[in-house]
1. Tell me, which residue of the range 271-303 that is within 20 Å of the chain's Cα centre (by Cα) and in a helix (DSSP H, G or I) is nearest to Leu336 (Cα to Cα)?
2. Looking only at the range 377-389, which residues are over 22 Å from Glu198 (Cβ atoms) and either in a loop (DSSP other than H, G, I, E, B) or among the polar types (S, T, N, Q) (or both)?
3. Being closer than 24 Å to Glu406 by Cβ and not hydroxyl-bearing (Ser, Thr, Tyr) narrows it down to one of Gly259, Gly243, so name that one.
4. Condition first: surrounded by fewer than 18 Cβ atoms within 10 Å (Cβ to Cβ), under 20 Å from Val337 (Cβ atoms) and polar (S, T, N, Q). Now tell me which residues in the range 362-393 satisfy that.
5. For the list (1) surrounded by 14 or more Cβ atoms within 10 Å (Cβ to Cβ); (2) without any contact (Cβ under 8 Å) to a residue 40 or more places away in the chain, I need the number of the one condition that Phe49 fails.
6. For the subset of the range 165-222 comprising residues that are under 20 Å from Ser272 (Cβ atoms) and acidic (Asp, Glu), which member is nearest to the chain's Cα centre (by Cα)?
7. Looking at Ile257, Ile227, Ile217, which one is in contact with a Pro (Cβ under 8 Å, 6 or more places away or on another chain), closer than 28 Å to Thr389 by Cβ and modelled with pLDDT of 90 or more?
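The values are calculated or read from the model by the stated rules, or taken from the named source; none is laboratory data. Computed from a predicted structure; not experimentally measured. Note that we place each Cβ from the backbone using ideal geometry, even for glycine, and neighbour counts take in every protein chain shown.
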Amino acid sequence: HEVGGVRGSWLRIAIFGTTVAISIGGIMASRQLHLELLRNVLRSPMSFFEATPSGNLLNRFAKEIDAIDCMIPDGLKMALGYVFKLMEVCVIVAAFHPLMSWLAVNLEFLGNGIVLSAAVLSVMGKDTLSPGIVGLAVSHSLQVTGILSWIVRSWTDVENNIVSVERVKEYADTPKEAEWALEDSSLSPSWPQAGTIEFRDYGLQYRKGLELALKGISLHVHEREKIGIVGRTGAGKSSLALGIFRILEAAKGEIYIDGINIAELGLHDLRSRITIIPQDPVLFSGSLRMNLDPFDAYSDEEVWKALELAHLKNFVSGLPDKLNYDPAQPLGQRQLVCLARALLRKTRILVLDEATAAVDLETDALIQSTIRSQFEDCAVLTIAHRLNTVMDYTKVIVMDKGHIVEMDSPSNLIAQSGQFYRMCREAGLV
């Protein structure tokens, strides 16, 4: 009874300590791995998301994290629990004969050897051992083979699920974007004030080893200029916007905004000072107010003013929840919401990446009229889907195969009877 009491106390303490250690360690490890995964994925460049299936990302954040949270700690607790059980058996059997310290050869030999030794030694010591001790030793030794099998099985489960940790850690080694913010940045809060943009022999490629998507681009956008960018599919129009926002880093050359090399800025400092209305309107799950002003930087009056300028005030006023409405509007109105977001921020540079390509002509006219009136004092770069939207712009840039092939006012380009003239003739504008 004394041996059993000591054994039980020791076992309970060991199991309790193991459970606490694995639980706390598992929570800390899982939390750290999840934070690293989230941070690494959010800082990955667009090329990573273009090459990585969304299902892989969902699996990392769902299945693999679940395995790290639940399966691995449970497997470790089970394996260590059986290890302590095995140690308990060895201690009990060894307690009545010292010849039992040497049995540690292999799995089956150890199990069967302990059973054989316990039985033989019990017979040999029948004159000195009590029946209770003999029964305790033999009955526990019979459990050894099963315990060893469960240890192997539990440890195998841990090894299988530890792959989840490897998959989560895999994304820690993927390329990341540049620093989000620079500690020693002396950038003025009002930058850019003029909104001038200068490309100096700029080149860009989507991945290393691929041909340059932009080749030797030299361009100067002056203050308040309205620049239309046109060209066939694959000419490099959208690549200019990717370069300005540093979605892709320069392969050669530089881009200067108000005289500052954007490669020397933090990504947040750069991207927060430029406004874009994309071709695909992006709205997040939540209220309309949150979509327009996610950081609560503007008052309700300013939000309503932006909605009015975007021709959405009457529509939003008729909604039951008004600014708290979940925006699930048709595509055209979603694009107007993106316009309202741009009007609210109203930076000195506006980029329209084929912003009206997927809307009807009426909505296109509303967007273009608002841009002409409300962004009159801003530099505007428009990647044009419809040529008529840029016919009154200051300049039109015609791109082909990553080069600027023509650049002048629309009237001059038409008079030159070049590529822009042919595109306008195909569109029925001349």
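1. Here the answer is Asn291.
2. Narrowing the range 377-389 to residues over 22 Å from Glu198 (Cβ atoms): 385-389.
Hits for the range 377-389 are His385, Arg386, Asn388, Thr389.
3. Gly243
4. Narrowing the range 362-393 to residues surrounded by fewer than 18 Cβ atoms within 10 Å (Cβ to Cβ): 362, 365, 369, 372-374, 376-377, 386, 388, 391-392.
From what's left, under 20 Å from Val337 (Cβ atoms): 362, 365, 369, 372-374.
Matches in the range 362-393: Ser369, Ser373, Gln374.
5. (1)
6. Glu177
7. When all the criteria are applied, what remains is Ile257.
Listed here are the residues, each with its yes/no results for (1) modelled with pLDDT of 80 or more; (2) acidic (Asp, Glu).
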| residue | (1), (2) |
| --- | --- |
| Leu148 | no, no |
| Val152 | no, no |
| Ala178 | yes, no |
| Pro192 | yes, no |
| Gly195 | yes, no |
| Asp201 | yes, yes |
